Amino acid sequence: MEVEASSASESNWLNVGTTIPVRNVQALASSAADELTADKIERYIQPDIDAHAVLAERSGDIPILDLGKLLNAETGEAEGAKLRFACEEWGFFQLVNHGVPDEIIAGVKRDTEKFFQLPLDVKNAYAQRPGDLQGYGQAFVQSNDQKLDWGDLLGLLTQPPQARDMSYWPSQPHTFRNSIEEYSSELMKVADSIVASIAKTLDYDPELMADKNVVQTFRMSYYPQCSSTPEKVLGFSPHSDGSFLTILLEVNSVQGLQIKWHGAWIPVKPRRDALLVNVGDLLEIMTNGKYKSIEHRVTVNAYKERLSISSFHVPKLDAIIMPIVSIMEEKVLYKKTNVEEYARRYMSNKLDGKRALDHAKISGI
């Protein structure tokens, strides 16, 4: 289903993205070694990249959930307990048996790779316009002196269909739009199932969760290899997600994502049979901090490019998110938060850990 233009309010909140143009990283990475002078890569060098330990041996500890078992009457309770643990202790989990057909996943992976292989002038036909987070380019660039991330992206507003701006949707490769449409629709079903399962783990009235999966945006990310200083640059700076829920598809199974757990970075090993799901800031607010929105970052590889597709699921934009607390809880930790206002605050600042979420906390707590 295609919509040629949008006047829907859902699209307006994305007009807060990159405001300062930066050079295409893919083109920079492909430059000859003698062209990668110190001044060209200096803005990508991250001085605090080694501030916390990396515990590769803990990568196997990230929980694995089975969506089929979650939805099954006989196994749902036991799998729900695993879901509760994953959201409380990790904020991330691998989701297997998710129900997205293999051919749809194969198609969106193929077309994502083909898009980023296109000549730069073709990709630039879908370039971000000033102040807009949709399109091809970079994100969260707010000043001429901030450190930059070693990656390019294509951002799309995918749901609801009437809010799409098709001028940003590439027509090359020719199957791209159909692949995104099919994958987007399948992920909405997956997200609905996860949100309903989360409600059960919290003993929430299902009606409270009915509007939590309304808006969906895609970030298709390309992280080029960095042959010169891979240990000093990041594909994406440390941050938590300003969503309710995020679902990640690893396109080419190159490792790079790391999550922050008990003060250390834990590498995430890609699984070909899984989608990676994480708690967003808005879900942390709603659960009064029970379920954790975890900082994560992306490292880069010296020899291989990495590609991924992040799907951000957000409530309707005029919704108010507020902590749901029991009479046993002593403190409310977060303010009532308007979804659109939170999204604008989140995307109009450079990435900085969980700084955006700090604004939603009640002062003095």
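The values are calculated or read from the model by the stated rules, or taken from the named source; none is laboratory data. Remember, it's a predicted structure, so these values are computed and weren't measured experimentally. A quick note on method: Cβ atoms are made from the backbone with ideal geometry, for glycine too, and the neighbour counts reach across all protein chains shown. In case anyone asks, the SASA skips ligands and DNA or RNA and just uses the protein heavy atoms, side chains included. Shrake-Rupley method; radii C 1.70, N 1.55, O 1.52, S 1.80 Å.
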Consider the stretch 182-227. How many of its residues are among the small types (Gly, Ala, Ser), assigned to a loop (DSSP other than H, G, I, E, B) and in contact (Cβ under 8 Å) with a residue 12 or more places away in the chain? 1
Are there any pairs with C-beta distances below 7 angstrom linking a residue in the stretch 345-365 that is closer than 20 Å to Gly131 by Cβ to a residue that is open to solvent by less than 90 Å² (accessible area, probe 1.4 Å) and modelled with pLDDT under 70, with the two at least 6 apart or on different chains, and if so which? Met347/Val16; Met347/Gly17; Ser348/Val16; Asn349/Gln142; Lys350/Phe140; Lys350/Gln142; Leu351/Phe140; Ala356/Asn349
First in the stretch 95-116 and in contact (Cβ under 8 Å) with a residue 40 or more places away in the chain and of a type in the set (Val, Ile, Thr), second anywhere and surrounded by fewer than 20 Cβ atoms within 10 Å (Cβ to Cβ) and part of a helix (DSSP H, G or I), Cβ under 6 Å, 6 or more apart: Val100/Glu186; Ile104/Glu182; Ile104/Glu186
Just one of Lys292, Lys336 is of a type in the set (Lys, Arg), crowded, with 18+ Cβ neighbours inside 10 Å and modelled with pLDDT of 90 or more; which is it? Lys292
When restricted to Pro101, Pro119, Pro130, the only residue open to solvent by 30 Å² or more (accessible area, probe 1.4 Å) and within 20 Å of Leu249 (Cβ to Cβ) is Pro101
For the stretch 135-146, state whether one or more residues are surrounded by 15 or more Cβ atoms within 10 Å (Cβ to Cβ), acidic (Asp, Glu) and over 20 Å from the mean Cα position of the chain (by Cα). no
Report, by residue number, each residue of the stretch 189-234 that is within 20 Å of Val339 (Cα to Cα), under 15 Å from the mean Cα position of the chain (by Cα) and at pLDDT 95 or above. Ala191, Val215, Gln216, Thr217, Phe218, Arg219
So for the stretch 75-97 (the condition being part of a helix (DSSP H, G or I), over 19 Å from Leu187 (Cβ atoms), open to solvent by 20 Å² or more (accessible area, probe 1.4 Å) and of a type in the set (Val, Ile, Thr)), does at least one residue qualify? no
